[in-house]
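J.: Can you read through this structure? Questions will come right after.
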Number of protein chains: 2
Amino acid sequence: MTPARPLKVALLGCGVVGSQVARQMLEGGDEFQARVGRRLDLVGISVRNLAKDRPGIDAALLTDDAAELVARKGIDLVIEVMGGVEPARSLILAAMAGGASVITANKQLLAQDGPTLYEAAAEAGVDLYYEAAVAGAIPIIRPLRESLVGDEVTAVKGIVNGTTNFILDKMTTEGSSFDEVLAEAQRLGYAEDDPTADVEGLDAAAKAAILASLAFHSRVNLDDVDCEGITTVTADDVATAAELGYVIKLLARCALAPDNSISVGVHPTLVPANHPLANVSGAFNAVFIESRHAGQLMFMGPGAGGAPTASAVLGDVITAARNRVRGVAGPGESSYSARPVTPRNLVPSRFYVALSVDDEPGVLAKIAASFARYQVSIQAVRQESEPGRPLGQGARLAILTHAARVGDMKAAVEDLAAMPEVTGGITLMRVEG
Amino acid sequence: MTPARPLKVALLGCGVVGSQVARQMLEGGDEFQARVGRRLDLVGISVRNLAKDRPGIDAALLTDDAAELVARKGIDLVIEVMGGVEPARSLILAAMAGGASVITANKQLLAQDGPTLYEAAAEAGVDLYYEAAVAGAIPIIRPLRESLVGDEVTAVKGIVNGTTNFILDKMTTEGSSFDEVLAEAQRLGYAEDDPTADVEGLDAAAKAAILASLAFHSRVNLDDVDCEGITTVTADDVATAAELGYVIKLLARCALAPDNSISVGVHPTLVPANHPLANVSGAFNAVFIESRHAGQLMFMGPGAGGAPTASAVLGDVITAARNRVRGVAGPGESSYSARPVTPRNLVPSRFYVALSVDDEPGVLAKIAASFARYQVSIQAVRQESEPGRPLGQGARLAILTHAARVGDMKAAVEDLAAMPEVTGGITLMRVEG
């Protein structure tokens with residue numbers, strides 16, 4: 001009896017993640033065959049630079065013509081770990097049009113143009129899997145798509161960027177400044193030479209858009225995400241937060257509002273020190289899901305790194321391969337809810353407001369009255385002498401508010417800035433819980 | 001165009017979990033139809049006692065003839081939440097023989113006779129899903145089956161029984177005795193009138209067998225699980241563990257040995273206070289998975305309760321329903337590895353040994369020499385005066401060992417018991433980490 005033909009796999013990209021995918025596919029050949037029922041044959045790897053030395057990778061597999069690789073006859077699975085919107089999008093669409101299932105880690109592409117790909121996958125009757133796009137090794141995409149699909153998810157809150165979590169964690173444990181820790185992170189390989197995508201929150205925002213789409217059965221785009229990075233977080237903020245019982249985290253927060261709209265944001269956020277998310281250290285990621293019946297679930301693990309991310313890719317590869325062997329595809333996009341996105345200024349949140357003021361009687365009362373005009377009410381205040389000013393002259397106030405609408409809070413802060421008693425340094429941050 | 005016919009669903013059992021399944025199916029009707037593409041019709045609910053009052057449940061659906069319900073024409077999905085080995089097994093087999101996919105929460109049945117069911121499902125070409133059998137609402141079964149299937153899992157460590165975690169947690173925070181806290185747990189509904197299955201570790205053992213089977217692609221049976229409960233854990237043990245920097249948890253531990261055998265056990269275990277599992281409180285569950293490439297993953301959430309467990313059932317129902325609509329079944333059992341189980345006495349572990357001794361010079365040296373005869377080496381010792389004996393006469397020793405084989409440790413403890421200087425109260429517990 002002739003053995004069933006192997007499944008042909010094409011790999012696009014051979015960088016930090018791609019090289020690990022290739023290695024794990026090679027290492028796991030026999031195990032994967034036992035799990036799938038057929039051999040998986042890596043038939044080609046597209047790269048940008050053929051001249052680069054790639055130990056352990058069979059040079060005969062390499063090509064710099066990705067389009068030709070994808071167009072080869074009989075490709076069953078295409079793994080895209082190149083990143084970037086183009087040419088990845090065109091290659092993925094070509095792969096699916098040619099009948100291949102696709103496994104990708106491309107968060108930016110999915111957050112900016114996911115629906116184009118989801119519709120193409122449904123049209124072609126193939127799988128499009130993307131576990132590796134969010135939270136590295138932690139299974140979170142498949143649980144949202146196929147485990148929590150019998151429940152109503154009401155919120156997803158996550159630490160989904162390892163670079164910023166490493167930085168904030170170090171600022172917290174060492175009392176260092178952002179610039180000092182960024183330099184150390186770059187030295188240690190936790191931050192890129194150009195760290196913009198991570199420290200400005202853009203990476204986390206792409207992941208938030210994907211998580212929100214899945215959690216709320218809707219289409220949430222990168223543009224829908226209210227995004228702030230961590231570059232303005234100071235050592236002072238970190239210390240004050242700790243005194244107040246909080247830890248500052250870059251939080252990706254997706255929530256269902258009572259009016260059925262979806263709010264999605266990425267912000268440096270004060271998280272209560274006893275919240276499970278407060279204790280996520282270093283480059284780890286964690287995703288906290290609240291559901292109507294399941295309650296509170298937390299998933300935690302390595303959020304980045306070649307080998308962990310590759311393991312998420314391989315999980316999708318095996319599942320897609322098993323589907324191919326049985327001649328089926330898994331369930332596709334579910335966006336029937338089509339919920340609108342909450343206008344950013346209407347999103348409610350608690351806030352932390354820190355500012356420098358003249359140490360005069362009545363200043364706090366004036367601030368509270370100003371806040372009240374915008375329905376912002378104060379929950380707690382902490383006052384300290386301002387460093388660098390003579391005792392009794394300057395004070396640094398740290399205010400925690402009750403829930404207020406973002407627009408109202410921002411307007412209140414503008415009024416603050418105009419007050420003569422306010423001498424500067426107004427920090428505004430969100431508070432969770 | 002005539003609408004596609006609804007999928008017919010039969011529910012076996014209407015207790016704590018079953019009543020919530022029925023309620024959530026009713027509440028979620030429209031959402032589920034949108035997610036599946038067809039209406040889900042609950043056509044019957046089998047119960048033992050027709051006379052019992054069941055608010056919110058349509059009495060017309062109730063029957064006390066489960067076999068007849070399962071045998072009805074055109075049943076697509078059968079949900080089994082009755083528990084117990086029979087008649088659940090016969091009903092599940094009949095359901096699958098009749099072409100229905102099955103969703104179950106029955107950990108004891110799966111742990112004792114899972115393979116019979118897996119083979120029947122494969123034979124009939126239907127799905128057998130059981131997320132609700134382990135760790136309540138936390139998605140862990142599907143991640144093991146379909147997300148981590150591209151990696152090599154090397155260990156699964158979990159707190160998978162809410163009753164015992166509630167009890168041990170209370171003993172830790174209050175300093176109370178086991179009996180006191182058990183009574184409180186029963187009053188609060190965290191423990192049954194007959195708490196044996198929980199406090200003797202049998203419930204956790206069934207879950208450990210299931211987790212080990214999935215993690216290591218083998219068949220692990222309830223009988224393979226080395227199981228100890230928490231009834232002998234004392235307030236003293238809890239306090240001493242805390243002084244040593246540990247928290248006592250009922251740990252289900254499944255690990256791959258270097259010789260490729262599988263060790264599976266459930267034991268009260270000293271867990272380092274800074275381990276993520278140490279901070280799982282109350283009735284929560286948590287499962288910690290170690291994989292070759294993914295690294296360390298943790299999943300945490302409500303481990304029990306009607307609504308959370310029902311949400312896990314419903315996740316399986318929706319996924320099985322989507323498969324039915326597309327005329328397919330998902331991947332079935334993967335047990336090709338057929339790894340053997342490590343003989344219990346050969347399993348390595350660190351240990352905690354506590355004992356009462358005469359406070360004489362040379363006692364510790366004698367104990368250490370005795371241990372050495374069995375290749376048991378001491379890592380740390382703590383000595384305190386024994387309460388109730390005059391100062392200087394009796395001492396309570398708490399010893400932490402390095403890794404030793406279970407059989408060697410037990411033989412060493414037997415020798416201890418025979419020593420004249422050892423006055424009694426020998427406690428032996430495993431240590432993690």
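The values are calculated or read from the model by the stated rules, or taken from the named source; none is laboratory data. Treat the numbers as computed from the prediction; the structure is a model and nothing was measured. A quick note on method: Cβ atoms are made from the backbone with ideal geometry, for glycine too, and the neighbour counts reach across all protein chains shown. Note: areas computed on protein heavy atoms with side chains; ligands, DNA, RNA excluded. Shrake-Rupley method; radii C 1.70, N 1.55, O 1.52, S 1.80 Å.
J.: Strictly over 25 Å apart at the Cα level, which of A:207/B:157; B:107/B:410; B:170/B:207 would you flag in this model?
T.: A:207/B:157; B:107/B:410
J.: Please list 3J(HN,Hα) in residue order for segment A:161-174, calculated via the Karplus relation 6.51 cos²θ - 1.76 cosθ + 1.60 where θ = phi - 60°; whole Hz, with x for glycine and proline.
T.: Karplus values, whole Hz, x for Gly and Pro: 10, x, 4, 5, 5, 4, 5, 5, 5, 5, 4, 6, 7, 10.
J.: Here's something else I'd like to know. Taking residue A:90 in one copy and the same position in all the others, each labelled 7 Å out along Cα→Cβ, what are the pairwise distances from the first, in nm, shortest first?
T.: 6.6
J.: Hey, another quick one. Nearest 100 Å² is fine: what is the total accessible surface buried where chains A and B meet, probe 1.4 Å? Working shown, then result.
T.: Working: alone 18790 and 18770 Å², together 33630 Å².
Protein heavy atoms only, the A-B interface buries about 3900 Å².
J.: Provide the per-residue ³J(HN,Hα) series for segment A:268-282, in order, calculated from phi with Karplus coefficients 6.51, -1.76, 1.60 and θ = phi - 60°, each as a whole number of Hz, with x at glycine and proline positions.
T.: For segment A:268-282, the Karplus curve yields x, 9, 7, 10, x, 4, 9, 7, x, 5, 5, 9, 8, 10, x Hz.
J.: Not counting ligands, DNA or RNA, and with a 1.4 Å probe, what is residue A:223's accessible surface area in Å² rounded to the nearest 10?
T.: About 120 Å², rounded to the nearest 10.
J.: Hey, in the GNM for chain A with a 10 angstrom Cα cutoff, which one of A:77, A:61, A:211 fluctuates hardest?
T.: The residue that fluctuates most here is A:61.
J.: From the Cα trace of chain A, what convex hull volume per residue do you get, rounded to a whole Å³?
T.: On the way: hull volume 63.6 nm³, N = 433.
Looking at chain A, the number lands at 147 Å³ per residue.
J.: Report, in degrees rounded to the nearest 10, the 0 to 90 angle that the Cα long axis of helix A:202-215 makes with the longest principal axis of chain A.
T.: It works out to around 70 degrees.
J.: Compare each residue of segment A:140-154 in its chain alone against the assembly with all protein chains, and report those whose accessible area goes down by 50 Å² or more; 1.4 Å probe, heavy atoms.
T.: Relative to the lone chain, where solvent access is computed with a 1.4 Å probe, segment A:140-154 loses at least 50 Å² at A:146, A:147, A:149, A:150.
J.: Based on the Cβ-Cβ distance from residue B:234 to residue B:53, what FRET efficiency comes out when R0 is 45 Å, to the nearest 0.05? List each step's numbers first, then the result.
T.: Values: r = 43 Å, r/R0 = 0.95.
Plugging the Cβ-Cβ distance into 1/(1 + (r/R0)^6) gives 0.60.
J.: Give a residue-ordered list of calculated ³J(HN,Hα) values for segment A:312-321 (Karplus: 6.51 cos²θ - 1.76 cosθ + 1.60, θ = phi - 60°; whole Hz; x for Gly, Pro).
T.: Coupling constants for segment A:312-321: 5, 4, 5, x, 5, 4, 5, 5, 5, 5 Hz.
J.: Sorted from largest to smallest, which semi-axis lengths in Å does the alpha carbon gyration tensor of segment B:344-431 give for its equivalent ellipsoid, taking the root of 5 times each eigenvalue? All intermediate terms of the calculation are to be shown ahead of the outcome.
T.: Values: eigenvalues 104, 29, 24 Å².
Its equivalent ellipsoid spans semi-axes of 23, 12, 11 Å.
J.: Principal axis extents for the protein assembly as shown, Cα atoms only, whole Å, descending order, please.
T.: Per principal axis, max minus min of the Cα coordinates gives 81, 79, 70 Å.
J.: Another one. Please report the carbon-and-sulfur percent of the accessible area for segment A:120-189; probe 1.4 Å, protein heavy atoms only, DNA, RNA and ligands left out. Walk me through the numbers before you get to the answer.
T.: Values: 860 of 1940 Å².
The nonpolar share, carbon plus sulfur, comes to 45 percent.
J.: So, one more: Accessible area per residue of the protein assembly as shown at 1.4 Å probe, in Å²? Each step should come with its number before you reach the end.
T.: Numbers: 33630 Å² over 866 residues.
Spelled out: the 1.4 Å probe surface of the protein assembly as shown, per residue, equals 39 Å².
J.: Got the residue B:68 label distances to the other copies yet, label 7 Å along Cα→Cβ, in nm, shortest first?
T.: 7.1
J.: Ok, one more. What FRET efficiency comes out for residue B:112 versus residue B:183 if R0 is 25 angstrom and r is the Cβ-Cβ distance? Round to the nearest 0.05. Present the calculation step by step, with values, prior to reporting the outcome.
T.: Working: r = 31 Å, r/R0 = 1.22.
Here the calculated transfer efficiency is 0.25.
J.: Using a 1.4 Å probe on the heavy atoms of the protein chains only, list every residue of segment A:267-316 that has 40 Å² or more less accessible area in the complete assembly than in its chain alone.
T.: Buried by 40 Å² or more upon assembly, which counts only protein chains, are A:293, A:294, A:296, A:297, A:298, A:299, A:300, A:311.
J.: Taking beta carbons within 10 Å but only from partner chains, what does the mean come to for residues A:30-42?
T.: Working: counts 0, 7, 2, 1, 4, 7, 3, 2, 0, 0, 0, 0, 0.
The mean count of partner-chain Cβ atoms within 10 Å per residue comes to 2.
J.: A further question on this structure: Just report the Cα centroid separation between segment B:4-49 and segment B:182-217, whole Å.
T.: Cα centroid of segment B:4-49 versus Cα centroid of segment B:182-217: 27 Å apart.
J.: On to the next question. Just the number: Rg to Rh for segment B:90-179, Cα atoms, Kirkwood Rh, two decimals.
T.: Details: Rg = 17.3 Å, Rh = 15.6 Å.
My calculation puts Rg/Rh at 1.11.
J.: Residue B:247's amide H: which non-local residues (gap 5+, or another chain) put their own amide H closer than 5 Å, with H modeled 1.01 Å from N in plane and none for Pro or chain starts?
T.: B:271, B:273
J.: Say we join alpha carbon atoms closer than 10 Å with springs in a Gaussian network model of chain A; which of A:303, A:162, A:332 then has the biggest fluctuation?
T.: Highest fluctuation among the options: A:332.
J.: What Rg and what Dmax come out for segment B:142-301 when only alpha-carbon atoms are used, in angstroms?
T.: 15.7, 47
J.: Can you pull the one-decimal nm distance between simple spin-label points at residue B:196 and residue B:292, each 7 Å off the Cα toward Cβ?
T.: Placing both labels 7 Å beyond Cα along the Cβ direction yields 4.3 nm.
J.: Given contacts defined as C-alpha pairs under 8 Å and at least six residues apart, what's the relative contact order of chain B, whole-number percent?
T.: Details: 927 pairs, mean separation 70.4, N = 433.
Taking the mean separation of contacting Cα pairs over the length of chain B, I get 16 percent.
J.: Oh, and also: If I compute solvent accessible area with a 1.4 Å probe over the protein chains, what percent of it on segment B:333-433 is carbon and sulfur?
T.: Numbers: 2610 of 4890 Å².
About 53 percent, which is the carbon plus sulfur part of the accessible surface.
J.: Test of understanding: in a Gaussian network model of chain B with alpha carbons linked when under 10 Å, which of B:118, B:336, B:190 would top the mean-square fluctuation ranking?
T.: Highest fluctuation of the listed residues: B:336.
J.: Taking the Cα-to-Cβ direction at residue B:60 and at residue B:259 and moving 7 Å from each Cα, how far apart do the two end points lie in nm?
T.: 6.4 nm
J.: Could you pull out every residue, at least 5 positions away or on a different chain, whose amide H is within less than 5 Å of the one on residue B:341? Hs are placed 1.01 Å off N in the peptide plane, and Pro or chain starts have none.
T.: Long-range HN contacts for residue B:341: B:262.
J.: Here's another thing I want to ask about it. Over all directions, how big on average is the projection of the convex hull of the alpha-carbon atoms in segment A:1-105, in square nanometres?
T.: Working: hull surface 27.7 nm².
Average projection, Cα convex hull of segment A:1-105: 6.9 nm².
J.: According to the square roots a ≥ b ≥ c of the eigenvalues of the Cα gyration tensor, what is the shape class of segment B:240-312, taking rounded for a/c under 1.5, prolate for a/b larger than b/c otherwise, and oblate for the remainder?
T.: oblate
J.: Apply 1/(1 + (r/R0)^6) to the Cβ-Cβ distance of residue A:33 and residue B:34, taking R0 = 30 Å, and write down the FRET efficiency to the nearest 0.05.
T.: The computed FRET efficiency comes out at 0.20.
J.: For the full complex of protein chains and a 1.4 angstrom probe, list A:227, A:14 by accessible area with the highest value first.
T.: On the way: A:227 45, A:14 15 Å².
Output order, biggest surface exposure first: A:227, A:14.
J.: Roll a 1.4 Å probe over the protein heavy atoms and report the accessible area of residue B:154 in Å², nearest 10.
T.: Roll a 1.4 Å probe over it and residue B:154 shows about 40 Å².
J.: Less than 15 Å Cβ to Cβ from residue B:338, Lys/Arg counted +1 and Asp/Glu -1: what total charge do the surrounding residues give?
T.: Net local charge, residue B:338 excluded: -3.
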